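J.: One structure, pasted below without further comment.
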Amino acid sequence: MTQYPIDPQIDYDFNARESVASFDDEFAALGRLSDQARANVPCQRDLVFDPASGSALDLYGAGNGRPVFLWIHGGYWRIGTKEGNAFAAPGLVAQGIAVAVMDYSLAPAVTLDQIVHEVRLAVAWLRREGPGLGLDTRKIHVGGSSAGGHLTGAVLAGGWHAEYGLPESSIGAALALSGIFDLEPLLHTQVNGWMDMDMETVAALSPIRHIPARTDAQLLISVGGEERNGFLRETAAYHDAWTKAGHKADLIDMPGYNHFDITGTLADLDATLVQRTAQAIRSYS
């Protein structure tokens, strides 16, 4: 792999951990919300969607023909668990929407190509197996934050569905929070120390470079008002590219939130992100 020099400004712009006063406090707050969700929301745990890797998902609030929303965690593709992201479930479950929270294999043990593959496998598994679990899977709705925002974009991308036995029209609402949609800047950050990406990776796996020509998927996109400029720029650029292609988008303003606490609002059925996402999901029923 080509070694790329770190650019101090770009590295600063994409350093989420150092963008808050205490990453440990932010992480702990999300952990408490996840513990509450795991204790209080009905869940089918450890449903393996990829026997090859062993990757699994937890399914909250299934039954009664509910639509399903797949949550894809962040952590710059190297940390994070489905257990630690259970906070994504309570708000939407209270709105009558089942929530699947997935794991995926982590870098540097696997490449980004493998991670994207597993996320797409999870979508295909939900579409295929969901009806037997009490789900309406005519559309699979997805969302994620940070690296999960990138992976949400990889699901929205065109051209991959047939390989996974899916129609191009499989995706409904997609909530992308604080995402990275063009990977090229990350070549010049510390992130590439564990991701080992090159320009071939950038070309193949940057969602902004693979916006579908036609889709009825609706993008819901947001970034915390207190986040650093890298995430602000990426969000604006992807929103603009998506709408320029003629697709539906809802840009949700979240002033006062940072890279982490914006995701914690998903635990609240009355939160802006939950309300707007639930409204978008229902529009497909």
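J.: Residues in segment 155-179 that are of a type outside the set (A, V, I, L, M) and either assigned to a helix (DSSP H, G or I) or at positive phi (or both): how many?
T.: So the count comes out to 6.
J.: Residue check: is Leu251 touching a residue at least 24 places away in the same chain (Cβ under 8 Å) and assigned to a helix (DSSP H, G or I)?
T.: no
J.: Oh, and also: Got a number for residues in segment 124-141 being outside any strand (DSSP E or B), touching a residue at least 40 places away in the same chain (Cβ under 8 Å) and closer than 15 Å to Gly61 by Cα?
T.: 4
J.: May I pose another question? Of Leu151, Leu220, Leu133, which residue is surrounded by fewer than 22 Cβ atoms within 10 Å (Cβ to Cβ) and among the hydrophobic types (A, V, I, L, M, F, W, C)?
T.: Leu133
J.: Anything in segment 180-199 that is farther than 12 Å from Tyr76 by Cβ and in a loop (DSSP other than H, G, I, E, B)? List them, or say none.
T.: Phe181, Asp182, Asp196, Asp198
J.: Looking at segment 218-257, which of its residues are touching a helix residue (DSSP H, G or I) at 6+ places or on another chain (Cβ under 6 Å), over 15 Å from Ile180 (Cβ atoms) and small (Gly, Ala, Ser)?
T.: Ala249 - this is the single residue of segment 218-257 that is touching a helix residue (DSSP H, G or I) at 6+ places or on another chain (Cβ under 6 Å), over 15 Å from Ile180 (Cβ atoms) and small (Gly, Ala, Ser).
J.: Under the condition of being part of a helix (DSSP H, G or I) and free of Cβ contacts under 8 Å to residues at least 12 places away in the same chain, which residue from segment 234-246 is nearest to the chain's Cα centre (by Cα)?
T.: Ala236
J.: Could you please find all residues in segment 1-32 being among the charged types (D, E, K, R), touching a Ser or Thr at 6+ places or on another chain (Cβ under 9 Å) and surrounded by fewer than 17 Cβ atoms within 10 Å (Cβ to Cβ)?
T.: Within segment 1-32, Asp7 is the sole residue that qualifies.
J.: Restricting to segment 200-233, name every residue that is among the β-branched types (Val, Ile, Thr) and in a strand (DSSP E or B).
T.: Ile221, Val223
J.: Please go through (1) out of contact with any Phe, Trp or Tyr (no Cβ under 7 Å at 6 or more places or on another chain); (2) over 20 Å from Ala176 (Cβ atoms); (3) crowded, with 19+ Cβ neighbours inside 10 Å for Arg128 and return the number of the only condition it doesn't satisfy.
T.: If we test Arg128 against (1) out of contact with any Phe, Trp or Tyr (no Cβ under 7 Å at 6 or more places or on another chain); (2) over 20 Å from Ala176 (Cβ atoms); (3) crowded, with 19+ Cβ neighbours inside 10 Å, just (3) comes out false.
J.: Please go through segment 222-233 and pick out each residue that is among the aliphatic types (A, V, I, L, M) and touching a residue at least 24 places away in the same chain (Cβ under 8 Å).
T.: Val223
J.: Sticking with this structure for a sec: Can you say whether Ala122 is buried (at least 24 other Cβ atoms within 10 Å of the Cβ), modelled with pLDDT of 95 or more and farther than 20 Å from Ala241 by Cβ, as far as the supplied structure shows?
T.: yes
J.: Kindly list, by first and then second residue, each pair from a residue in segment 262-285 that is of a type in the set (D, E, K, R) and modelled with pLDDT of 95 or more to a residue that is assigned to a helix (DSSP H, G or I) and surrounded by 21 or more Cβ atoms within 10 Å (Cβ to Cβ), limited to pairs with Cβ atoms under 9 Å and residues at least 6 apart or on different chains.
T.: Sorted first by the residue in segment 262-285, then by its partner, the pairs are Asp268/Pro90; Asp268/Gly91; Asp268/Val274; Asp270/Gly91.
The values are calculated or read from the model by the stated rules, or taken from the named source; none is laboratory data. Values in this document were obtained by computation on a predicted structure and should not be read as measured data. All Cβ positions, glycine included, derive from the backbone under ideal geometry; neighbour counts span all protein chains shown.
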